[in-house]
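Please treat every number below as a calculation from the coordinates, not as lab data. These numbers were taken from a predicted model, which means no experiment stands behind them. Methodologically, a virtual Cβ is constructed for each residue, glycine included, from the backbone with ideal geometry; neighbour enumeration extends over all protein chains shown.
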Amino acid sequence: MKNIVILGSTGSIGTQTLDIVRALPEKLHVSALAAGGSRPELLAEQVLEFLPEMVVVYEPEQMEAVKALLKGKAPEGLQYRCGMEGLIEAAALPEAELVVTSLVGMIGIQPTVAAIQAGNHIALANKETLVCAGAYIMRLARQKGVKILPVDSEHGAIFQCLQGVKSEHVHKIILTASGGPFRGMSAKQLKQVTLKQALSHPNWSMGAKITIDSATLMNKGLEMIEAMWLFDRKPEEIEPVIHPQSIIHSMVELKDGSVLAQMAAPDMRLPIEVALLYPERGPREVPALDFRTQGALTFEPIDEDVFPSTAMAYYAMKKGGLYPAVYNAANEIAVEGFRLGRIGFCGIFETVERALELYDKEPNTQKEYELEEVVQIRDWLEKRLS
């Protein structure tokens, strides 16, 4: 029995993680559930089904709603916590063996650090953690002997391909991208994209933020930065490519010319299960591929004139320091602006480009950074973009 903590339990990854727990009750126990608080009914239902020892509501004003829903029904001794302090306490629970970090945005950084400092292994679905503070996080994980197990389908694929492969044999990592709903559009056409269109992904069912990131290919830029830290590669050793069918989830090219690929139907339950049960494999969670009927698997380059996301990611990766954190924070701000109708779809690219240009003017941008600087980068950027 493995004790796990789920940060972000009511989101897309969190609910699918609980699908795995539900299917494997003899292997997994939920010690704590944490969520933002926007879906109190679902969080209360999860508490009553999985009987954790602790529940955390990030937004304090939602705590009373959760308590009211659990009144007279909550597990005996259930501990209630709220805010960042609650997330950190849950992440560092002594009995936890694995912390699933599926919070959206930079709020996932501090709880992840707390989990690592406590010696708890990480199933990482919060890409902002490594994008913004990769050098810090990976160094700390090595010091504490903590495993960072990727949950994203692309990084989970690479992780599986690299089992038994020596680092010195790797030539490059190839990250596949579906291309999103606007693949093939011109820059002029993108200017007319609506929020409803951006929230419609052809292959994956995901939360609003990551769905928009997939539509802009910002998600691929973030994944490139994350892969650089997860797998200890140089920026030029990470190559994104469009693969519309989303059957090959990513590949590793070896120096002898061989290419290793992980393939499966597009279903997040598989990479989640791999991370939860590592080093074991679980029962089948997705239908097997039938290559007799699968059809063609195709690939194409990213048009960086239309989708400059990956080019800006390369720039941030090569500059180093806090540049990736600026890239991420600017994207968060821009996506929020797009969802609220303040900017158009292409305004997301323009915001990130402007943010990187603003940071270029800052002194000492190449210096080593402290975690506090990472956490504060969004506030710094919001003041300059306003």
Cα-based Rg/(2.2 N^0.38 Å) for the stretch 22-110, rounded to two decimals, is 1.03
Output ordering of 261-268, 375-382 (per-residue mean of other Cβ within 10 Å, highest first) is 261-268, 375-382
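Regarding the stretch 221-311, what is the average projected area of its C-alpha convex hull, in nm²?
Taking the Cα atoms of the stretch 221-311, their convex hull projects to 7.8 nm² on average.
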Which three extents, in whole angstrom, do the alpha-carbon atoms of the chain cover along their principal axes, largest first?
58, 54, 43
Run through the DSSP bridge list for the chain and note the antiparallel percent, rounded to the nearest 5.
25 percent
Principal axes of the stretch 138-206: Cα extent on each, largest first, Å
48, 26, 20
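Apply the a/c threshold of 1.5 to the C-alpha gyration tensor of the stretch 164-286 and tell me whether it is rounded, prolate or oblate.
It is oblate, given that a/c is not under 1.5 and a/b is not larger than b/c.
To the nearest 500 deg cm²/dmol, what mean residue ellipticity at 222 nm is calculated for the chain from DSSP H runs of n ≥ 4 alone, each contributing -39,500 (n - 2.57), summed and divided by the residues?
Calculated from helices alone, the mean residue ellipticity at 222 nm is -13500 deg cm²/dmol.
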Where does the Debye-calculated log10 I(q)/I(0) of the stretch 323-386 sit at q = 0.29 Å⁻¹, using only Cα point scatterers of equal weight, no solvent?
-1.34
For the stretch 93-203, what mean projected area does the convex hull of the alpha carbons give, in nm²?
9.7 nm²
Need one word for the stretch 252-386: rounded, prolate or oblate. Basis is the Cα gyration tensor (sqrt eigenvalues a ≥ b ≥ c); a/c below 1.5 gives rounded, then a/b vs b/c decides.
prolate
By average C-beta atoms within 10 angstrom, highest first, the peptides 303-311, 186-194, 289-297, 326-334:
326-334, 303-311, 186-194, 289-297
